[in-house]
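Let me begin by presenting the structure, written as structure tokens, before commenting on it.
Derivation of every value follows stated rules applied to the coordinates shown; laboratory data play no part. This one's a predicted model, so the numbers in the text were calculated from it and none came from an experiment. Cβ: placed from backbone, ideal geometry, glycine included. Neighbour counts: every protein chain shown.
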Amino acid sequence: MGSSNLDDTARAAKAIYESRLREALESEHMNEFVAIEPISGEHFLGNTLSEAISASRDRFPDRLAHALRVGHQAAIHIGQMTP
């Protein structure tokens, strides 16, 4: 699986989030995780990253999904934030 395939999946999933999901998810599911399968456009919520990804894999075991944290730019933050 090449990096362009991963990039395409992320790009398509982010477009779905921005155009169809952001408003509803950020009003009711802030800080939860969402995995978006871009071919179907389906999304899967979880309290943890693992829950969201597992739900996506259960439904679409042979497809890639992209996960992010609702209301954040990334699914996880690594390191320490500075003022």
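Scanning region 1-51 for residues that are surrounded by fewer than 17 Cβ atoms within 10 Å (Cβ to Cβ), in a helix (DSSP H, G or I) and touching a Gly at 6+ places or on another chain (Cβ under 6 Å) yields a count of 1. All of (1) without any contact (Cβ under 8 Å) to a residue 40 or more places away in the chain; (2) in a loop (DSSP other than H, G, I, E, B); (3) more than 11 Å from the chain's Cα centre (by Cα) hold for Gln73 with one exception: (3). Contact annotation: residue pairs with Cβ atoms under 6 Å, 6 or more positions apart or on different chains, pairing a residue in region 51-62 that is among the hydroxyl-bearing types (Ser, Thr, Tyr) with a partner that is outside any helix (DSSP H, G or I), are Ser56/Ala35; Ser56/Glu37; Ser56/Phe44; Ser56/Ala65.
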